[in-house]
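We did not get these values from a lab; they are worked out from the coordinates using the rules stated. In this text, all values refer to a predicted model and were calculated from it rather than measured experimentally. FYI the Cβ positions are ideal-geometry reconstructions off the backbone, even for glycines, and counts take in every protein chain you see.
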Amino acid sequence: MRKLFRRIHHWLNRNRLERELDYEMTAHREMMPPGRRDAFGNTLRLHDESRDVWGWLWFDHLRQDLVYAARGFTRERRFTLSAILRFLSRSAPRQQCLA
């Protein structure tokens, strides 16, 4: 349960936590000798790895997929209309004949 609350806290405060992480990474990189700063690693990769540990990766991917789908549906209105009509025609209740 504690893990769930921690993840919810990180999800709600992710902007602040990412700023703090960026600040700490910059501070650690500046503490390194100038010739060794490249050995620190890829900052973007480290951000992604920490984000994966903090939160729900599947939730972020689902959100991205839904945004992508919404953009596609608004761009192709005729396809969206035909998909909705097809879905509604399949889910409509059918009357059975007893003949």
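Shown here is the pair-distance distribution of the chain: with all Cα-Cα distances grouped in 10 Å bins from zero up to the longest one, the shares run 12, 24, 21, 18, 13, 7, 3, 1, 1 percent. Basic side chains Lys and Arg get +1 at the Cβ, acidic Asp and Glu get -1 at the Cβ, and with that the dipole of the chain about its Cα centre reaches some 620 debye. Can you give the angle from 0 to 90° between the axis of helix 2-12 and the longest principal axis of the chain, with both taken from C-alpha atoms, to the nearest 10? Taking Cα atoms only, the helix is inclined about 90 degrees. The residue list Ser50, Phe87, Ala70 was ranked by how far each Cα lies along the charge dipole of the chain toward its positive end, using unit charges on Cβ atoms, and Phe87 comes out on top.
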